[in-house]
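Asker: Can you keep this structure in mind? I'll have questions shortly.
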Amino acid sequence: MNPHALSILLSSLAVGTITTLSSSHWFLAWAGLEINTLAIIPLMTKMHHPRATESATKYFLTQAAASALILFSTITNAWATGEWTIITMNDNTSTFMLTIALAIKLGIAPFHLWLPDVMQGLSLTTCLILATWQKLAPMSLMIMTGHQLNTNLLITMAVLSTVVGGWGGLNQTQMRKMMAYSSIAHLGWMTLILSFSPNLTTLNLMIYLMLTSSMFLMMTTLNSTNINKLSTSWLKTPLLASSMMITLMALGGLPPTSGFLPKWLILQEMTKQHLGAVSTLMAMSALLSLFFYLRLSYAISLTTTPNTSNSNMTWRMTNNQMQILPTMITLTTMMLPMTPTLLAMLN
């Protein structure tokens, strides 16, 4: 892609998200979401492949429907209450429609079916943007309106998302689809705690962005799009392969990695709210996700592929394009001792 066009598109992505994050008026927030959607469509189709075109079309139709529903819910609210401010969604019908619209935007179950298909047709870099940056604007709107949304609906969607995210990733061989189901499961944890502690939702979002970014950057460096390609990574870069294994354990929520922190705090808060059955169900569904993360870890570290690489000494070759990767890997594994500091910053 032309560097000038790429810079304009990335700038538009940033402008759209910042507009939504900084707005207090619904129409401005909606405009930011639209800019965001329109800016990523050309990035999706830059591969000039029918699969990429299909993904871009599915994404556009889904996001357009969600944006229309957001606009409809805010107009209904303004008609009922006379308010356009984001924090004054007092009409029950409007808040119900808004919850569904934001769930479609984010890919929360049962409105998740577009996400794995769309991510499978994209390049790894565009998948990284879709799984991280594109979640910021809708999730910020969800956090701002969280105290007015229907708690029972949020809990139902959260439990469904974690179960679907764990169950859907079990039988996959494609890395991008696995990361899509991983994203659905993590969004379920964020949605669950939204009504009770928005600060924990923010903390979970930060850690999710960090873990997913480091995972996609490592996949891009190793050029791994399925499990077979992943199994050759140990021959190329043993250090990066072992780091990927640790990142997968963090995504699964195993201590002492950073991924354990939000799950621990969320389950603790849900127990305080006397929702023991929901907490148990969430913890059990997290085991489903952990299973396919362990499966990937096994493929990376404990199997040797019968196919040797054609190039000589690939593991000795240096890659200077990912200077941020060591920092991301360190944060992936070392944030658990910083728990009191993070909680103090959020409170």
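Asker: What are the pairs with Cβ atoms under 6 angstrom where one residue, in the stretch 176-196, is basic (Lys, Arg) and the other, located anywhere, is surrounded by 24 or more Cβ atoms within 10 Å (Cβ to Cβ)? Sequence gap at least six, or different chains.
Answerer: From the stretch 176-196, the pairs are Arg176/Met119; Arg176/Cys127.
Asker: Would you say Thr156 is without any contact (Cβ under 8 Å) to a residue 40 or more places away in the chain and over 16 Å from the mean Cα position of the chain (by Cα)? Explain how you work it out, then say what you get.
Answerer: Values: without any contact (Cβ under 8 Å) to a residue 40 or more places away in the chain: yes; over 16 Å from the mean Cα position of the chain (by Cα): yes.
Yes, satisfied.
Asker: Quick one: which of Thr202, Thr221 is on the phi < 0 side of the Ramachandran plot, of a type in the set (Val, Ile, Thr) and either under 17 Å from the mean Cα position of the chain (by Cα) or not in a helix (DSSP H, G or I) (or both)? Even if it seems obvious, please write down each step before you answer.
Answerer: Values: Thr221 fails: either under 17 Å from the mean Cα position of the chain (by Cα) or not in a helix (DSSP H, G or I) (or both).
Among Thr202, Thr221, only Thr202 is on the phi < 0 side of the Ramachandran plot, of a type in the set (Val, Ile, Thr) and either under 17 Å from the mean Cα position of the chain (by Cα) or not in a helix (DSSP H, G or I) (or both).
Asker: Something else now. Please work out which one of (1) open to solvent by 20 Å² or more (accessible area, probe 1.4 Å); (2) under 17 Å from Trp30 (Cβ atoms) is the condition Trp133 fails and give its number.
Answerer: Just one mismatch for Trp133, condition (2).
Asker: Quick check on the stretch 224-236. Is at least one of its residues open to solvent by 30 Å² or more (accessible area, probe 1.4 Å), in contact (Cβ under 8 Å) with a residue 60 or more places away in the chain, in contact with a helix residue (DSSP H, G or I) (Cβ under 7 Å, 6 or more places away or on another chain) and not in a helix (DSSP H, G or I)?
Answerer: No: the stretch 224-236 contains no residue that is open to solvent by 30 Å² or more (accessible area, probe 1.4 Å), in contact (Cβ under 8 Å) with a residue 60 or more places away in the chain, in contact with a helix residue (DSSP H, G or I) (Cβ under 7 Å, 6 or more places away or on another chain) and not in a helix (DSSP H, G or I).
Asker: Now, a different point. Conditions: (1) open to solvent by 60 Å² or more (accessible area, probe 1.4 Å); (2) under 30 Å from Met218 (Cα atoms); (3) touching a Phe, Trp or Tyr at 6+ places or on another chain (Cβ under 6 Å). Trp84 meets all but one. Number of the miss?
Answerer: Here Trp84 meets the rest and fails (2).
Asker: Could you count how many residues in the stretch 160-184 are among the aromatic types (Phe, Trp, Tyr) and either within 16 Å of the chain's Cα centre (by Cα) or under 13 Å from Asp117 (Cα atoms) (or both)? Walk me through how you get there before you give the answer.
Answerer: If we filter the stretch 160-184 for residues that are among the aromatic types (Phe, Trp, Tyr), which is where we start, we get 167, 181.
Narrowing the set further to residues that are either within 16 Å of the chain's Cα centre (by Cα) or under 13 Å from Asp117 (Cα atoms) (or both) leaves 181.
The number of residues fulfilling the criteria is 1.
Asker: Right, here's the next one. Considering only the stretch 189-218, state which residues are aliphatic (A, V, I, L, M) and open to solvent by less than 10 Å² (accessible area, probe 1.4 Å).
Answerer: At the first step, the residues of the stretch 189-218 found to be aliphatic (A, V, I, L, M) are 190, 192-194, 200, 203, 205-207, 209-211, 215, 217-218.
Across the stretch 189-218, the qualifying residues are Met190, Leu192, Ile193, Leu194, Leu203, Ile207, Leu211, Met215, Met218.
Asker: Would a scan of the stretch 30-39 turn up a residue that is polar (S, T, N, Q), surrounded by 14 or more Cβ atoms within 10 Å (Cβ to Cβ), under 20 Å from the mean Cα position of the chain (by Cα) and closer than 18 Å to Leu128 by Cβ?
Answerer: Going through the stretch 30-39, the residues polar (S, T, N, Q) turn out to be 36-37.
Narrowing further to those that are surrounded by 14 or more Cβ atoms within 10 Å (Cβ to Cβ): 36-37.
Those still in the list that are under 20 Å from the mean Cα position of the chain (by Cα) too: 36-37.
Subset that is closer than 18 Å to Leu128 by Cβ: 36-37.
Checked the stretch 30-39: at least one residue is polar (S, T, N, Q), surrounded by 14 or more Cβ atoms within 10 Å (Cβ to Cβ), under 20 Å from the mean Cα position of the chain (by Cα) and closer than 18 Å to Leu128 by Cβ.
Asker: Please verify whether the stretch 55-67 includes one or more residues that are at pLDDT below 95, basic (Lys, Arg) and either farther than 15 Å from Leu102 by Cα or open to solvent by less than 80 Å² (accessible area, probe 1.4 Å) (or both).
Answerer: Among the residues of the stretch 55-67, not one is at pLDDT below 95, basic (Lys, Arg) and either farther than 15 Å from Leu102 by Cα or open to solvent by less than 80 Å² (accessible area, probe 1.4 Å) (or both), which makes the answer no.
Asker: Within the stretch 106-118, take every residue that is open to solvent by 10 Å² or more (accessible area, probe 1.4 Å) and not in a loop (DSSP other than H, G, I, E, B) and give me the one that is farthest from Gln148 (Cα to Cα).
Answerer: Taking the stretch 106-118 first, the residues open to solvent by 10 Å² or more (accessible area, probe 1.4 Å) are 110-114, 117.
Now restrict to residues that are not in a loop (DSSP other than H, G, I, E, B): 114, 117.
Details: Trp114: 27, Asp117: 32 Å.
Checked the stretch 106-118; the qualifying residue farthest from Gln148 (Cα to Cα) is Asp117.
Asker: Turning to a different aspect of this structure: Here is a check on your reading of the model: is Ser214 modelled with pLDDT of 90 or more, over 15 Å from the mean Cα position of the chain (by Cα) and hydroxyl-bearing (Ser, Thr, Tyr)?
Answerer: Values: modelled with pLDDT of 90 or more: yes; over 15 Å from the mean Cα position of the chain (by Cα): no; hydroxyl-bearing (Ser, Thr, Tyr): yes.
Judged against the criteria, Ser214 is not a match.
Asker: Quick check on my filter: what residues within the stretch 50-100 are assigned to a loop (DSSP other than H, G, I, E, B) and aliphatic (A, V, I, L, M)? Give the derivation first.
Answerer: Start the filter on the stretch 50-100 by keeping residues that are assigned to a loop (DSSP other than H, G, I, E, B), which leaves 82-84, 86-91.
Result: Ile86, Ile87, Met89.
Asker: For the stretch 278-297, enumerate the residues that are open to solvent by less than 30 Å² (accessible area, probe 1.4 Å) and of a type in the set (S, T, N, Q).
Answerer: Ser279, Ser285, Ser289, Ser297
Asker: Determine whether His186 is of a type outside the set (Ser, Thr, Tyr) and buried (at least 20 other Cβ atoms within 10 Å of the Cβ). Break it down into steps so the answer makes sense when it comes.
Answerer: Numbers: of a type outside the set (Ser, Thr, Tyr): yes; buried (at least 20 other Cβ atoms within 10 Å of the Cβ): yes.
When the stated conditions are applied, His186 passes them.
Asker: I want to confirm something. Restricting to the stretch 260-292 and keeping residues that are hydroxyl-bearing (Ser, Thr, Tyr) and without any contact (Cβ under 8 Å) to a residue 60 or more places away in the chain, which single residue is nearest to Ala158 (Cα to Cα)?
Answerer: Taking the stretch 260-292 and keeping what is hydroxyl-bearing (Ser, Thr, Tyr), we get 271, 279-280, 285, 289.
Pick out the ones that are also without any contact (Cβ under 8 Å) to a residue 60 or more places away in the chain and you get 271, 279-280.
Details: Thr271: 16, Ser279: 11, Thr280: 13 Å.
Looking at the filtered set, the residue picked out is Ser279.
Asker: In addition: Among the residues of the stretch 241-277, write down those that are closer than 26 Å to Thr330 by Cβ, outside any helix (DSSP H, G or I) and open to solvent by 20 Å² or more (accessible area, probe 1.4 Å).
Answerer: Residues satisfying the conditions are Leu254, Pro255, Pro256.
The values are calculated or read from the model by the stated rules, or taken from the named source; none is laboratory data. What you see is a predicted model; the values in this text were computed from it and never measured. Every residue, glycine as well, gets a Cβ built from its backbone with ideal geometry; the counts of neighbours run over all protein chains shown. Protein only, heavy atoms only, side chains kept; ligands, DNA and RNA dropped before computing areas. Shrake-Rupley method; radii C 1.70, N 1.55, O 1.52, S 1.80 Å.
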